[in-house]
1. So what is the diffusion coefficient of the stretch 11-356 in µm² per second by Stokes-Einstein at 20 °C and 1.002 mPa s, using a Kirkwood Rh over Cα pairs?
2. Using a cut-off of under 20 Å, list every residue of the stretch 82-100 whose amide N is near the label point 7 Å from the Cα of His130 along the Cα-to-beta-carbon line.
3. Starting with the fewest neighbours, write out Asp228, Asp19 ranked by other beta-carbon atoms found within 10 Å of each beta-carbon.
4. Given a Förster radius of 25 Å and the C-beta distance between Thr311 and Ala190 as r, what FRET efficiency does 1/(1 + (r/R0)^6) yield to the nearest 0.05?
5. Taking neighbour counts of Cβ atoms within 10 Å as a proxy for exposure, in what order, fewest first, do Glu149, Glu86 appear?
6. Can you list residues from other chains, or at least 5 along the same chain, whose modelled amide H is less than 5 Å from the amide H of Arg105?
7. If we count other beta carbons within 10 Å of each Cβ, what is the order of Tyr207, Tyr66, fewest first?
Amino acid sequence: MKTRGQSAICVADFRHTVDACLEDFLQRKLRAAAAHQMPDDAARSLRRFLFAGGKRLRPLLCLTGYHAAAPDRVHPGVFQAAAALEMFHAFALIHDDIMDRSDTRRGQPTVHRELAVRRGAGRGSADRAHLGTSAAILVGDLALAWSDELLHTAGLPPDRLLAALPYIDTMRTEVMYGQYLDVLATGKPAGDLATPLKIIRYKTAKYTIERPLHVGAVLGGADAGILDACTDFALPLGEAFQLRDDLLGVFGDSVRTGKSCLDDLREGKHTVLLALAFQRADTTQRTTLDTLVGTPSLTDADADRVRSIITATGARDTVEQMIRTRYEQAHKVLDDAPFPAEATHTLRRITDSATARTA
């Protein structure tokens with residue numbers, strides 16, 4: 001195994017480079033819109049969304065995957081490929097917020113809410129909402145198209161790009177199926193654990209962790225051993241990441257998370273957390289859960305009643321234990337993974353921050 005020292009990949013420098021790729025690309029789109037007398041608020045809304053925050057986790061994993069395979073060199077096009085993953089993620093989140101009827105994301109109005117206000121002056125509330133939703137769908141579609149453009153104009157070696165495309169195609173299919181399963185299950189939470197675990201596997205574990213690592217690794221010329229190790233590491237970490245997200249969606253501080261801690265309960269998200277609570281609830285608790293979870297008008301007081309049941313049934317503690325188990329699995333994989341020291345150290349830091357986060 002190559003050992004390039006123990007320092008982690010510089011996250012701050014990497015984020016700056018990826019953000020510069022995104023900013024340069026969007027500025028060119030704004031100039032093109034002006035030149036063709038097209039409305040520029042689509043690109044501006046997307047820019048606002050991209051730079052309102054976000055962990056840049058998928059781009060970082062893409063770069064780390066590349067370093068796992070090619071520790072001694074970095075092709076400059078990899079940064080733009082990583083930026084393409086963040087652009088695709090913007091598409092997914094914009095559409096996800098519409099499906100979840102969320103009002104805020106990263107502490108700011110969601111794109112469909114923002115566009116309803118910006119473009120809906122003089123319309124009735126229903127017309128404003130419909131306009132905002134329609135416009136946000138199109139902004140998300142632009143982000144999807146532009147993620148392809150970023151990737152294909154990155155100047156990557158043609159053979160490496162060709163090798164990476166199947167992984168990107170698979171990633172997109174997996175997250176769409178995961179989201180589809182999530183939509184079908186929302187509003188009907190029950191004691192079934194298989195469904196939310198399957199959603200986690202495809203909507204988060206593969207999309208957020210495994211495929212970005214694979215894309216970077218393939219761009220770096222990885223062999224099968226590196227790709228297999230990426231998978232063995234990614235799946236438990238991705239599941240832990242989403243389990244933490246589910247806890248934050250109910251018990252988190254909305255100031256830190258940037259999202260309401262009522263949304264998941266109001267929507268009736270079929271999460272592992274709620275499945276365990278439904279599974280273990282007594283008759284009285286089950287009646288309360290059936291009455292309150294999935295109610296759009298759920299109040300803070302109602303949410304506190306649901307939270308108390310989740311805690312009393314032990315569901316919250318069980319999810320915490322599930323996170324710890326998967327955290328340990330991910331670290332154990334790194335003990336023997338055929339990665340250079342710098343990539344391993346970065347992945348350990350990502351594992352720690354992804355599972356212990358408060359936002």
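Every number here is computed from the coordinates shown, using simple stated rules; none is lab data. Values in this document were obtained by computation on a predicted structure and should not be read as measured data. Note that each Cβ is placed from the backbone with ideal geometry, even for glycine, and that neighbours are counted across all protein chains shown.
1. Details: Rh = 21.1 Å.
It diffuses with D of about 102 µm²/s by this estimate.
2. 98-100
3. Working: Asp228 13, Asp19 17.
Listed from fewest to most nearby Cβ atoms, that is Asp228, Asp19.
4. Details: r = 19 Å, r/R0 = 0.77.
After rounding, the FRET efficiency stands at 0.80.
5. Working: Glu149 14, Glu86 26.
Placing the least packed residue first, the sequence is Glu149, Glu86.
6. Under 5 Å from the amide H of Arg105 lie the amide H atoms of Thr110, each far enough along the sequence or on another chain.
7. Values: Tyr207 26, Tyr66 29.
So the residues, fewest neighbours to most, are Tyr207, Tyr66.
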